[in-house]
1. Starting from region 33-56, take each residue that is at pLDDT below 95 and list its partners that are of a type in the set (V, I, T), counting only C-beta distances under 7 angstrom and pairs at least six apart or across chains.
2. Go through T397, T372 for me and flag whichever is buried (at least 20 other Cβ atoms within 10 Å of the Cβ) and of a type in the set (S, T, N, Q).
3. List the residue pairs whose Cβ atoms are under 6 Å apart, where the first residue sits in region 288-309 and is more than 18 Å from R127 (Cβ to Cβ) and polar (S, T, N, Q), the second is modelled with pLDDT of 95 or more and away from the ligand (no atom under 14 Å from the Cβ), and the two are 6 or more positions apart or on different chains.
4. Return the total of residues in region 297-318 being within 12 Å of the ligand (Cβ to nearest atom) and farther than 21 Å from V159 by Cβ.
5. Considering only strands (runs of 3 or more DSSP E) fully contained in region 186-281, which possess at least 1 residues that are closer than 20 Å to A126 by Cα and either in contact with a strand residue (DSSP E or B) (Cβ under 7 Å, 6 or more places away or on another chain) or of a type outside the set (G, A, S) (or both)?
6. Is at least one residue of region 53-72 in contact with a Ser or Thr (Cβ under 7 Å, 6 or more places away or on another chain), farther than 17 Å from G202 by Cα and not polar (S, T, N, Q)?
7. Here's a check for you: in region 358-369, which residue that is touching a residue at least 60 places away in the same chain (Cβ under 8 Å) and in contact with a helix residue (DSSP H, G or I) (Cβ under 7 Å, 6 or more places away or on another chain) is surrounded by the fewest Cβ atoms within 10 Å (Cβ to Cβ)?
8. Does at least one position in region 79-99 carry a residue that is under 20 Å from R38 (Cβ atoms) and more than 15 Å from the chain's Cα centre (by Cα)?
Amino acid sequence: MGRPGFGRRYGERPVRYSAAGLVSRGLTHRDWTPMWRRHDLKPRYDVVIIGGGVHGLAAAYYLAANHGISNVAVLDKGYIGGGGSGRNTAILRSNYLTPEGVRFYERSMELYRGLAADLNFNVMFARRGHLTLAHNDGSLRTMRWRAEVNKLQGVDSDVIGPDEIKRLVPYLDVSAQARYPVLGALYHPPGGIIRHDAVVWGYARGAAALGVHLHQNTEVTGIDVAGGQVRGVRTSQGDIATRTVLNATAGWSTLISDMAGVALPIQTFPLQAAVTEPVRPFLGTVIVSGTLHVYVSQTDRGELVFGASVDPFTSYSMRGSLEFIEGLAGHVLELMPSLTKVRVLRQWAGLCDMTPDFSPVMGRTPVDGFLTDVGWGTYGFKAGPVSGEAMAECIATGRTPDIIAAFGLGRFADGTLVGEKGAAAVGH
Ligand code: PYC
C-alpha cells in the first residue's frame with residue numbers, strides 16, 4: 001500500500017527523529033516541536049472517530065495514510081491514550097484459539113513489528129517470548145489445541161515441558177511441591193511487550209501530520225440519525241455534521257452505540273494491574289498463569305508489570321482495590337517465591353468490554369454510517385494496528401475486509417460465534 005508520506009499532501013511535516021537530531025538538540029537546547037497541535041472543531045468532517053486510544057488513532061492514521069482520507073476528527077472525552085490504551089499491560093501475542101483470531105492478531109503483530117519504522121517513532125517493541133503455564137490436564141489440552149491451530153496459521157507456538165520452562169525462566173518454581181505444579185506451557189517465541197504510550201503518541205503524531213484533527217476534552221453527548229443514516233455528532237464543544245462515525249471506545253462503547261440506537265451484547269468489567277519498583281533484569285519472557293489469574297513481564301527499566309482477570313462484577317470504576325493486590329501478591333509468590341522483598345509502586349484499573357464469545361464487534365451496523373470497533377475484552381491493545389487498518393479500509397471502501405468478516409454484530413443473531421475464551425490470558 002503506498003504511503004502519501006508525512007505532511008507531503010495533507011498536514012504539517014513533523015520533525016524526523018534520528019540519533020543525529022537527538023545529539024544536535026542536546027547540544028543546542030532547541031525545543032522539540034509539539035507532536036500535534038490543537039484545532040478548532042470544524043462544523044463538518046468526513047469521518048468522526050470517537051475514542052482517542054490506539055484503535056481510534058490507528059484508524060485515523062490508516063484512513064489518511066492508506067486511503068488519502070484526512071478530513072477526520074478523533075474525539076476523546078479525556079486525553080489521548082487515557083483509557084484502555086494507557087492502562088493495559090502492553091503484552092503482544094497472536095497465539096489465539098480460533099483460526100480467525102490467530103490470523104487477525106498475527107496481522108497486528110506484523111504491523112507492530114514494523115511500526116517504529118512506519119511512524120518514525122520508537123515504540124520499544126521487545127520480542128520476549130510468551131509462556132502460558134498449564135497447571136492441570138485440562139489447561140494442557142487447551143494449550144495443545146492452541147499450538148496446533150497456531151501452527152496451521154503459520155504462527156510459532158508449541159507446548160513445552162517443565163525443564164525447558166525452567167531453562168527459560170530460572171526463577172519460576174516448577175517443582176512438584178508447588179501448590180499448583182507447572183505441568184507444561186504454551187510457548188510462543190514471537191510474543192513480547194511494547195511501550196503502550198509510545199504506540200498511542202506515534203499514531204497520534206502520524207495521523208496529525210497527515211491532516212487529522214485530534215480533539216481532546218471533547219465528550220460526545222449525542223449522535224444524530226435520520227432515515228437510518230448518521231447525520232452528525234453532538235459534543236461538549238459543539239456539533240459536527242458527518243455521515244460516518246466510528247465507535248472506537250472501550251468502557252463506554254455501549255453508551256456511545258446506544259446514542260445511535262445500536263444495542264451491543266457487551267458488559268463492562270474493571271481489570272486491575274500493578275507495577276513494582278525496578279529490579280535487576282531477571283525475567284526475559286512474559287509469563288501467564290490462567291489458574292493463578294496472573295500475568296507478569298519485566299519492562300526494559302526493570303519494573304515488574306502484573307495483571308489479573310477482570311473483577312467479578314460490572315462497574316465503571318477505575319480504582320485499584322486492596323483485595324486485588326493481596327490476591328495478586330499471593331499468586332505471584334506461588335510462581336516466583338524469591339520476589340517477597342519486591343515493593344509494589346502503583347496499581348490501577350482499566351475497563352474491559354466483554355462480549356459473550358470473547359471476540360470483538362467490528363464493522364458496519366444496521367445504522368448506515370455508524371461503525372463499531374468495540375468489545376475488546378482483555379485483548380484490545382494487541383489488536384490496535386490491525387483494527388485501525390481494517391476499519392479504515394471498511395470506511396474507505398464500504399466493504400468489510402475479510403480479516404474482520406467473522407467479527408460482525410450479526411453473528412450474535414446468526415449463532416456464528418467466534419469462541420476465544422480459551423485464549424484468554426487468565427480465567428474469567
Ligand atoms: O490476553 O495476553 C492477554 C492479556 C494480557 C493482559 C490482558 N490480556
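The values are calculated or read from the model by the stated rules, or taken from the named source; none is laboratory data. Quick caveat, the model's predicted, so the values are computed rather than measured. Using ideal geometry, Cβ is built from the backbone for each residue, glycine included, and neighbour counts are taken over all protein chains shown.
1. Every condition considered, the pairs that remain are T33/V15.
2. Working: T397 fails: buried (at least 20 other Cβ atoms within 10 Å of the Cβ).
Residue meeting the stated conditions: T372.
3. Short answer, once both residue conditions are applied: T291/H135; T291/Y180.
4. Taking region 297-318 as the starting set, the residues that turn out to be within 12 Å of the ligand (Cβ to nearest atom) are 297, 305-310.
The next check asks that each one be farther than 21 Å from V159 by Cβ; those that pass are 305-310.
The qualifying residues number 6.
5. Working: elements: 213-215, 220-226, 229-235, 238-241, 245-247, 267-276.
Counting at least 1 such residues, we get 267-276.
6. no
7. First, the residues of region 358-369 that are touching a residue at least 60 places away in the same chain (Cβ under 8 Å): 358-359, 361, 365-369.
Cutting the leftovers down to in contact with a helix residue (DSSP H, G or I) (Cβ under 7 Å, 6 or more places away or on another chain) gives us 358-359, 361, 367.
Details: F358: 24, S359: 25, V361: 26, V367: 17.
Filtering first and then ranking leaves V367.
8. yes
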